[in-house]
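No lab work stands behind these numbers, since they all come straight from the coordinates. Computed from a predicted model, the values in this text were never measured in an experiment. When we count neighbours, we look across all protein chains shown, and the Cβ atoms used for this are built from the backbone with ideal geometry, even at glycine.
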Amino acid sequence: MAEADNFFRDTPEPPNFVEKKRKIEEFVARHSNGDTPVVLVTSGGTNVPLEGNTVRFIDNFSIGTRGSASAEYFLEHGYAVIFLHRGRSLQPFTRHLPQRQLLDILEVQTGASGENQLCVKHDQSKTLFAVVEKYQKVQNEGRLLMVDFTSLTDYLHLLRASSLIMDKLGNKAFLYLAAAVSDFYIPRDKMPLHKVQSSNGPLQLSLELVPKMLDALVKNWVCSAYVVSFKLETDPNLLIMKAQQALEKYEHQLVIGNVLDTRKIEVVFVTNNDEQWIKLEQEEIDTGVEIESKIVTSLVERHRQFLNE
Ligand code: PMT
């Protein structure tokens, strides 16, 4: 725990931290009295700067598919969602928009009265209609808060702040930690301020270990919450063992194991009592079912049981 405290003492708060914390506080306060459960969904990759005035950084593969899709399904199940995401990664609802230029889906049409109007092209309107309708409903109900981060340190400061704020929700709080979090970083006192010069020759990097924050999160920050973490491996033979180790070490409710290559078609839920594989059948893949819909449906049921215990 002391390691986590030192990390926060020695790393700067993210830009607009006070404002972001205020919005999270307001959001949680708004949902603290009713029956709406609140889930924090973390999503996307964390980057690790190599220079104080950052030109270069180390990044990872995640574009936030898991987090953004899951957030939508939690919203469908009636949850209020704090979506803590990497800036410019995938977001709920807009992820369905065509990955083309916005201008390619719009066109100017001349109306009956001769006035020009901006319209969505016919082949796109059905998809957009459904997305906008769902988005508006969620916005009108005030059930989605978007909070962005870029670097590893931004993410961890915001994760701690959100968790501490959500603690007042008791077991109505749910944390779904799908972001891809770096294990290595360069502490501020070991980082050059200015751009590293190639004229100095090949670059030697020395990265230090980031303290595992799950320990402090479960035991100190948000003690009564339902906490689900993800375990990512590239070697399938290590997956279950690593997930079990995480569960034993951090003593939270559930670890979802996934392998990089197969993460979109199968995951395994590991708890103290069981292992449950969730897989997409070929027919489901062919018809566009997303594994996150099955993950979230199962989690909502598990959270319901947790609330009843
Ligand atoms: O975004 P996509 O492309 O859809 O990919 C989704 C995903 C593969 C990123 C996602 O499903 C996933 O597995 N996310 C977790 C990845 C990860 O950080 O795994 P890990 O084995 O490095 O960490 C395990 C857990 O420890 C994570 O819950 C993480 O939040 C936590 N952690 C990690 C580092 C750290 N310093 N402190 C932590 O508490």
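Once you order the gyration tensor axes a ≥ b ≥ c over the Cα atoms, which shape class does the stretch 167-210 get: rounded for a/c under 1.5, otherwise prolate or oblate by comparing a/b with b/c? It comes out prolate by the Cα gyration axes. Close amide-amide hydrogen proximity is noted between ALA180 and GLY44, GLY45, THR46, each under 5 Å apart and 5 or more residues distant or on a separate chain (H modeled in the peptide plane; Pro and chain starts excluded). Under 29 Å of direct C-alpha separation, and excluding same-chain neighbours fewer than eight residues apart, LYS242 reaches these lysines: LYS172, LYS212, LYS219, LYS231, LYS264, LYS279, LYS294. Phi angles of the stretch 41-47 translate, via the Karplus equation with coefficients 6.51, -1.76, 1.60 and θ = phi - 60°, into HN-Hα couplings of 9, 9, 8, x, x, 9, 9 Hz per residue; Gly and Pro are given as x.
Computed 3J(HN,Hα) for the stretch 137-147, one whole-Hz value per residue from the Karplus formula 6.51 cos²θ - 1.76 cosθ + 1.60 where θ = phi - 60°, is 4, 4, 5, 4, 8, x, 9, 9, 10, 9, 10, glycine and proline marked x. For GLU208 and ASN237, the FRET efficiency from 1/(1 + (r/R0)^6), where r spans their Cβ atoms and R0 equals 30 Å, is about 0.60. Counting neighbouring Cβ atoms within 10 Å and putting the fewest first, the residues TYR73, TYR135 line up as TYR135, TYR73. Sequentially through the stretch 279-294, phi angles give Karplus couplings (6.51, -1.76, 1.60; θ = phi - 60°) of 10, 8, 6, 4, 5, 5, 4, 5, 9, x, 5, 9, 4, 5, 5, 6 Hz, Gly and Pro residues having no value and appearing as x. Rounded to the nearest 0.05, what FRET efficiency is calculated for LEU193 and ASN171 with R0 set to 51 Å and r the Cβ-Cβ distance? That gives a FRET efficiency of 0.65. Among PHE129, PHE93, PHE174, PHE61, the order by Cβ neighbours within 10 angstrom, fewest to most, reads PHE61, PHE129, PHE93, PHE174. Here the simple spin-label model places points 7 Å from the Cα toward Cβ, and for ASP59 and PHE306 these points are separated by 3.2 nm. Amide H contacts under 5 Å for MET146: PHE83, restricted to partners 5 or more places along the chain or on a different chain, H placed in the peptide plane at 1.01 Å from N. Once backbone amide H atoms are built at 1.01 Å from N, PHE57 has LEU50 as its partners under 5 Å, excluding neighbours fewer than 5 places away on the same chain. Rg and Dmax, both from the Cα atoms of the chain and both in Å, are 21.2, 70. The ranking of ARG86, ARG56, ARG302, ARG30 by Cβ neighbour count inside 10 Å, starting from the fewest, reads ARG56, ARG30, ARG302, ARG86.
Electrostatic tally near VAL289: other residues with Cβ closer than 12 Å to its Cβ, Lys and Arg +1, Asp and Glu -1, net -3. For a test of the definition: using alpha carbon positions, the gyration tensor, and the 1.5 limit on a/c, classify the stretch 31-178 as rounded, prolate or oblate. Cα axes put the stretch 31-178 in the oblate bin.
Here the stretch 77-100 and the stretch 206-284 have alpha carbon centers that stand 22 Å from each other.
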